[in-house]
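These notes concern the structure reproduced below.
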Amino acid sequence: MPDALAIRDLHVQFHTRRGIYKALNGVDLALRRGEVLGIAGESGCGKTTLGLAVISLLPRNAAIASGQVVFDNKDLVNLSREYAERVGDRFRPRQHERVLRRVGKAMTRIRGRRISMVFQEPMTSLNPVLSVGFQVAETIYIHDPGLLAHRVIARTKATPQLMRELLALLGATRGDESAVRKFAADHDLVGLEEQALFIWRRQDIHISRKEKAVRSLAGPPMKPWERNIIETVAKTGSIPPLFARVPVLSRIVRRILVREGIRKAREVLTSLGIHHAERVVKMFPHELSGGMRQRVVIAIALANNPEIVIMDEPTSAVDVTVQAQILELVKQIRTSVSASFIVISHDLAVLAEVSDRIAIMYAGRIVEVAPTAEILQKPLHPYTQQLISAIPTLEGKSVEGIKGEVPDMRDPPSGCAFHPRCPFAFEKCNSVVPVDFRQGTDQLVACWLYEAK
Ligand SMILES: Nc1ncnc2c1ncn2[C@@H]1O[C@H](COP(=O)(O)OP(=O)(O)O)[C@@H](O)[C@H]1O
Ligand code: SF4
Ligand SMILES: [Mg+2]
C-alpha cells in the first residue's frame, strides 16, 4: 500500500535581513496509512516549518529550495520549488506572493479537506467574534458544501419505514459502519449514514432516546425550489458559480448549508467528548476553557473527514491534567476515524503516549525514525539518547540536560549538524553529512557510528 504522504529531501529556507536561515535541510520522511507518526525535537529545529510546508502555508519569506511533498501521486510543493530554483538568492517575498496565491488555489481541494492542521496556539486559530458552531460549520461549508447538501437531502428522502429498517440493521449489526454505509448507498440516502452512526455511538443517552433520534431523521419535506438548489450542490459537490453571482440564491444556499454545518458541528463536538454540545456551539472562544478550545480546534480539523491530520503541539497550551485528556482524545480519534496523523511535540513523553512511530528532528533533518517502543528502549542516535535521558521519571533518576545550544542555521555546522554537541563525534563527522543507515527491521538513523565497517 502506498504511503499516505512522502516527504523527499525537502529543503526550506527563510530569507531574512540577516541572511538565509536554513530551517529544513533534506527532510526524508514517509507517513504510513493509518499510523500516528510523532515528530520530536527541541524548539527551533523546524517541526512547525515541516508541518506548514506539507499544507503549503509557509510564510512568504520561505522558499522551498528543493525536494518534494508527495500526496496522492501529486507533488504539493512543485510551484514554490520551481520559483525558488529560478530566482535563487534573488528571492523576492513580494513576487513570491503571486506564486503563493497560485499554490493556494491549487491547494483548495486538498487543504482543510484532505489534509488539515491543528495549529500550535488554539486561541489564535479561532476567531474571537464568531460562535464556535459557526466556525466549525463554515469550515465544512467552504471546503465541502456537497457533504452538507447530501446530509440535508438524505433526511428529506428518509421515510419512517426506511428508518425502522435502519434501526433494525443498527441493532442487528451493533452499529456496524460498513453495513450502515451500504444501506444508505442502496436506498439513495448517502449523507444519512454518518448522522445515524453518530446517534448510535453516543454514550451519553439511553437506547430509547437513540431510537427516537434515529426515527426523527426522517425529516419534513423541503420546498421544491430549495430542494432543487441543494440537490445541485449535492450533485456537483461545490457551489456553482451561478449561485455565487445571484445574491438571493447564494443567501439561500448559505443559510441552509451553514445551519446543516452547525448540526454537524454538534455531532463532531459530542464525539470529541464535549458535553452539552448544543450549548457549546452557541458560545464564543473566550467563554471556553483551554482544553475545550483545543477540542474545538481539533473538531475543525476533523470536520471534513480528512485523510491526513497534522497536530502541532496539541498539548503545549494546556495544563497537565487537560494534557492527559487531550492525549486520550487523540487515542480515541485514531480508532474512530480512518485518517493518518502527524503529531508534533517538543515533548517526547507526549509522543510516547500516542505515536506508532517517532521521528527525531535536529537542525532541520530527521536524524532517527523508528517504532515508538524501539526508539524509547534502544535509541541509536546520540541526540535521541540525550533527549530520552532528559525526560524526568518518577524514580527520581537524575535528569541530564542536553549540553550546548541549538546551532544558528544561518551558518549551520559542517558535516553532521550535531557534531559540536556530540560526545562521540570523530573526524568524519565534521566534514561529511551522515546518510541514513537502516538498523534492525524498521529503524533508520543518520549517524556515522552506524556505518557498516
Ligand atoms: N518567517 C520566518 N522567518 C525567519 N525565520 C523563521 C521564520 N519562521 C520560523 N523561523 C525560524 O525557523 C526555525 C524553525 O522554526 P520552527 O519550525 O517554528 O521550529 P519548531 O516548531 O521546531 O520549534 C526557528 O529557529 C525559527 O526562528
Ligand atoms: S554523525 Fe558523528 S557527530 Fe553526528 S551524531 Fe553521529 S557520531 Fe555524533
Ligand atoms: Mg513549533
query: Taking into account only those residues within the stretch 61-90 that are touching a residue at least 40 places away in the same chain (Cβ under 8 Å) and charged (D, E, K, R), which is farthest from Asn25 (Cα to Cα)?
result: Asp72
- request: Identify all residues within the stretch 382-441 that are away from ligand 1 (no atom under 16 Å from the Cβ), among the hydrophobic types (A, V, I, L, M, F, W, C) and touching a helix residue (DSSP H, G or I) at 6+ places or on another chain (Cβ under 6 Å); write none if there are none.
  value: Ile391, Cys416, Cys422, Phe424, Ala425, Cys429, Phe437
message: If I filter the stretch 29-76 down to residues being over 12 Å from Leu5 (Cβ atoms), surrounded by fewer than 20 Cβ atoms within 10 Å (Cβ to Cβ) and among the charged types (D, E, K, R), which single residue comes out as farthest from ligand 2 (Cβ to nearest atom)?
response: Arg60
task: Scan the stretch 398-432 for residues that are touching a Gly at 6+ places or on another chain (Cβ under 6 Å), within 11 Å of ligand 2 (Cβ to nearest atom) and in a loop (DSSP other than H, G, I, E, B) and jot them down.
output: Val432
Any chance Glu138 is more than 16 Å from ligand 1 (Cβ to nearest atom), more than 24 Å from Gly290 (Cβ to Cβ) and among the acidic types (Asp, Glu): no
message: Here is a check on your reading of the model: is Glu194 among the acidic types (Asp, Glu), under 24 Å from Ser178 (Cβ atoms) and touching a Leu at 6+ places or on another chain (Cβ under 8 Å)?
response: no
- prompt: Quick check, is Leu79 surrounded by 24 or more Cβ atoms within 10 Å (Cβ to Cβ) and not in a strand (DSSP E or B)?
  reply: no
message: Return the residues of the stretch 405-416 that are closer than 14 Å to Gly44 by Cα and of a type outside the set (Lys, Arg); say none if nothing qualifies.
response: Glu405, Val406, Pro407, Asp408, Met409, Pro412
message: Tell me yes or no: at least one residue of the stretch 173-180 is over 28 Å from Leu31 (Cα atoms), under 20 Å from the mean Cα position of the chain (by Cα) and buried (at least 18 other Cβ atoms within 10 Å of the Cβ).
response: no
Meets criteria (assigned to a loop (DSSP other than H, G, I, E, B), crowded, with 17+ Cβ neighbours inside 10 Å and either within 30 Å of the chain's Cα centre (by Cα) or within 16 Å of ligand 1 (Cβ to nearest atom) (or both)) for Leu376: no
query: If you take the residues in the stretch 292-322 that are of a type in the set (Gly, Ala, Ser) and assigned to a helix (DSSP H, G or I), which one is nearest to ligand 2 (Cβ to nearest atom)?
result: Ala301
The stretch 1-13, residues that are surrounded by fewer than 21 Cβ atoms within 10 Å (Cβ to Cβ) and part of a strand (DSSP E or B): Ala6, Arg8, Asp9, His11
message: Give all pairs with beta carbons closer than 9 Å in which a residue from the stretch 415-427 that is of a type in the set (Lys, Arg) meets a residue that is at pLDDT 95 or above and away from ligand 1 (no atom under 16 Å from the Cβ); count only pairs at least 6 apart in sequence or on separate chains.
response: Arg421/Pro382
Odd one out for Lys331, checked against (1) outside any loop (DSSP other than H, G, I, E, B); (2) touching a helix residue (DSSP H, G or I) at 6+ places or on another chain (Cβ under 9 Å); (3) within 16 Å of ligand 2 (Cβ to nearest atom): (3)
task: Hey, could you check the stretch 99-126 for residues that are within 16 Å of ligand 3 (Cβ to nearest atom) and at pLDDT below 90 and say which is nearest to Gly44 (Cα to Cα)?
output: Gln120
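The values are calculated or read from the model by the stated rules, or taken from the named source; none is laboratory data. Treat the numbers as computed from the prediction; the structure is a model and nothing was measured. Reconstructed Cβ throughout: ideal geometry from the backbone, glycine too, with neighbour counts over all protein chains shown.
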